[in-house]
Amino acid sequence: GVKPDTEIEDGVTAKDAAKFVLSNTMRYIPKFVSLKSKKISWNFMAFFFPSGWFLSRKMYKNGIIAGLLKIIATMLSLPLAKVMYNLGLSDSASYYDMAQRLMEALPSINSAIIFASFIGAWVNIAISLISALFGDYLYKKHTVSSIRKLKAESENIELDFLKKGGVSLILFFVGVFAVEYI
């Protein structure tokens, strides 16, 4: 739905962007055009798998930052998880039962542990929301800057588009599993 000579930004055309993006161009190229006037859109993959999505799209710095922040946020919740385990709350038959037993035990749990867990949960949510809302915009900026740099420096631009652009499924799984299992 976008003409190949449509300018995305700074002299980068839709055709150039499609060669760089490679996978799922029917989603990203129209999204890039619509992001001329705004910075916010919604990306479900970036919401559910921030680190994996950024890494798969070869935005390494964003992926590493998102992954580290998710790990730190999760670590803030570990003391409460340990307290719940020690109180036998993890063995509950249902979520209702677990919630009821947690409410009964709440006064005996250190408030710093509860606060840290609360902050960790909100940081986790914030990372996912920021990634989902601004992921496409960041990807557009990455695509445009990469293409401009390759046009200025590359001797074989088609080959470099393949190397620097596209999607890496391996990096997606590395990002997802690193965050989930660290």
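The values are calculated or read from the model by the stated rules, or taken from the named source; none is laboratory data. Note that the coordinates shown come from a computational prediction; the quantities given were computed from them, not determined experimentally. With ideal geometry, Cβ positions are generated from the backbone for all residues, glycine too; neighbour counts draw on all protein chains shown. What goes into the accessible areas is simple: the full protein's heavy atoms, side chains included, and nothing from ligands, DNA or RNA. Shrake-Rupley method; radii C 1.70, N 1.55, O 1.52, S 1.80 Å.
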Just to be sure, is residue 115 over 14 Å from residue 18 (Cα atoms) and surrounded by 15 or more Cβ atoms within 10 Å (Cβ to Cβ)?
no
Between 171, 68, 78, 159, which is outside any loop (DSSP other than H, G, I, E, B) and touching a helix residue (DSSP H, G or I) at 6+ places or on another chain (Cβ under 8 Å)?
171
Criterion: within 30 Å of the chain's Cα centre (by Cα) and either in contact (Cβ under 8 Å) with a residue 40 or more places away in the chain or open to solvent by less than 40 Å² (accessible area, probe 1.4 Å) (or both) - qualifying residue of 131, 145:
131
Would it be correct to say that residue 32 is open to solvent by 60 Å² or more (accessible area, probe 1.4 Å) and either at positive phi or of a type in the set (Phe, Trp, Tyr) (or both)?
no
Among (1) modelled with pLDDT under 95; (2) open to solvent by less than 40 Å² (accessible area, probe 1.4 Å), residue 59 falls short only on (1)
Name the residue that is farthest from residue 51 (Cα to Cα), counting only residues in segment 152-179 that are of a type outside the set (D, E, K, R), in contact (Cβ under 8 Å) with a residue 40 or more places away in the chain and open to solvent by 90 Å² or more (accessible area, probe 1.4 Å).
162
If I ask for residues that are outside any helix (DSSP H, G or I), free of Cβ contacts under 8 Å to residues at least 24 places away in the same chain and more than 13 Å from residue 144 (Cβ to Cβ), which ones from segment 1-37 would you list?
3, 4, 5, 37
Can you tell me which residues in segment 38-56 are among the aromatic types (Phe, Trp, Tyr), over 19 Å from residue 147 (Cα atoms) and open to solvent by less than 50 Å² (accessible area, probe 1.4 Å)?
53
Is it the case that some residue within segment 91-107 is closer than 28 Å to residue 31 by Cα and either in a helix (DSSP H, G or I) or open to solvent by 60 Å² or more (accessible area, probe 1.4 Å) (or both)?
no
